[in-house]
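Okay, structure first, notes after.
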Amino acid sequence: MRERLLDVYRRLLAFYGPQHWWPAGDDPFVVVVGAILTQSAAWKNVESALARLREDRLLSFDALLRAPDEELERAVRPSGYFRMKARKLRAFAAMLAERFDGRLERLFALPVGEMRAALLATYGIGPETADDIILYAARKPAFVVDAYTRRIFDRLGIPPGVDTYDGWRSLFTDALPQETALFNEYHALIVRHAKVKCRKEPLCPGCPLLDICPTGQSRLAASAASQVDRRASRA
C-alpha cells in the first residue's frame, strides 16, 4: 500500500508541481480561523471573510472573545453559515483561554493525539477541521481527508478497510512516512487533481493516473465502444 500511495503522489507532483499551500510565514492563528471558516465554503469566500475580520481588527484571540455577536457575524458572513461559524470561532477561542491560557503554542506543543482530542472536544471542530489545524497551523503530521480524497481513491480502487473518516485517514497515516511536508503537499495535490481532472464528471484523457485507474480505463473503453457502435449504425 505504501508504494501504491507514493506512486500516486509522485505522479500528481510531476504533473502539477508543488502547490505551496499555507507557506511557513502565515500566522498560525489565521490558519486556524481559515480552517474553521472553510467548512462548506469556497476558499475565495473564506478569503473575503478573513479580509473583513482583519479590517475590523477581529483576527486575534482576544478580539474573538470580546467582539459582540453581531459584529463577528457580519465579518464572517461571506463564508456562509455566519452565525454558526461565529459561534465556532468563539468556542475555539474560549477553549484556548480555558485550557491553554490563550496561548496557541501551548496547544500546539501537545503530542498530535492529545492535540487532536482537544480540538475534537471543541464545538464546531470535526475530524477534517482538526486535521487541517494540526497539519497547516501546528505543522505536525496529520492527513486531511475530504470528499476529493474519497472520490479519487474510490476511482483508483484503493479503498480503506472501513468507510469512515478515521478509516480513510488510517489508510494514509498507517502506510506513509509521518512527514508534515508530505501530508501537506499530498492533500493539496489531491484537491488540485479533483478540480482539474478527477471532477464529478471526470476528464480522463491526459490524466496522470489513467494507466493505474480502473474507473478511467473503463470509461474510455466504454466511450470507444460507443463510437464504434455509432459508426456501425451509420454504415
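The values are calculated or read from the model by the stated rules, or taken from the named source; none is laboratory data. Keep in mind that this is a model prediction, so the values were computed, not measured. Cβ coordinates were reconstructed from backbone atoms using ideal geometry, including for glycine residues, and neighbour counts include every protein chain displayed.
Considering only residues in the range 161-176 that are farther than 18 Å from ALA130 by Cβ and in contact with a Leu (Cβ under 9 Å, 6 or more places away or on another chain), the one that is surrounded by the most Cβ atoms within 10 Å (Cβ to Cβ) turns out to be LEU176.
In the range 22-91, counting only helices (runs of 4 or more DSSP H) that sit wholly within it, the ones holding 2 or more residues that are more than 22 Å from the chain's Cα centre (by Cα) and among the acidic types (Asp, Glu) span 69-76. Being in contact with a Cys (Cβ under 8 Å, 6 or more places away or on another chain) and part of a helix (DSSP H, G or I) is the requirement here; does ARG151 meet it? It is true that ARG151 is in contact with a Cys (Cβ under 8 Å, 6 or more places away or on another chain) and part of a helix (DSSP H, G or I). Within the range 155-173, the set of residues being touching a residue at least 40 places away in the same chain (Cβ under 8 Å) and farther than 25 Å from MET115 by Cβ comprises ARG155, LEU156, GLY157, ILE158.
Only one entry of ALA130, ALA188, ALA194, ALA142 meets the criterion of being outside any loop (DSSP other than H, G, I, E, B), surrounded by 19 or more Cβ atoms within 10 Å (Cβ to Cβ), of a type in the set (Gly, Ala, Ser) and in contact with an Asp or Glu (Cβ under 9 Å, 6 or more places away or on another chain), and that entry is ALA194.
Of all residues in the range 131-144, those being farther than 12 Å from ARG169 by Cα and in contact with a Lys or Arg (Cβ under 8 Å, 6 or more places away or on another chain) number 1. Here the range 66-81 is the region considered, the condition is being in contact (Cβ under 8 Å) with a residue 24 or more places away in the chain and among the hydrophobic types (A, V, I, L, M, F, W, C), and the residue that is surrounded by the most Cβ atoms within 10 Å (Cβ to Cβ) is VAL76.
Taken over the range 132-150, the residue count meeting the criterion of being at pLDDT 95 or above, touching a Phe, Trp or Tyr at 6+ places or on another chain (Cβ under 6 Å) and not hydrophobic (A, V, I, L, M, F, W, C) is 1. Of all residues in the range 19-44, those being surrounded by fewer than 16 Cβ atoms within 10 Å (Cβ to Cβ) and either modelled with pLDDT of 95 or more or at positive phi (or both) number 2.
For PHE108, the conditions (1) among the aromatic types (Phe, Trp, Tyr); (2) buried (at least 19 other Cβ atoms within 10 Å of the Cβ); (3) more than 12 Å from the chain's Cα centre (by Cα) are fulfilled apart from (2).
Take ARG4 and tell me if it is of a type in the set (D, E, K, R), assigned to a helix (DSSP H, G or I), in contact (Cβ under 8 Å) with a residue 40 or more places away in the chain and surrounded by 18 or more Cβ atoms within 10 Å (Cβ to Cβ). So ARG4 fails the test.
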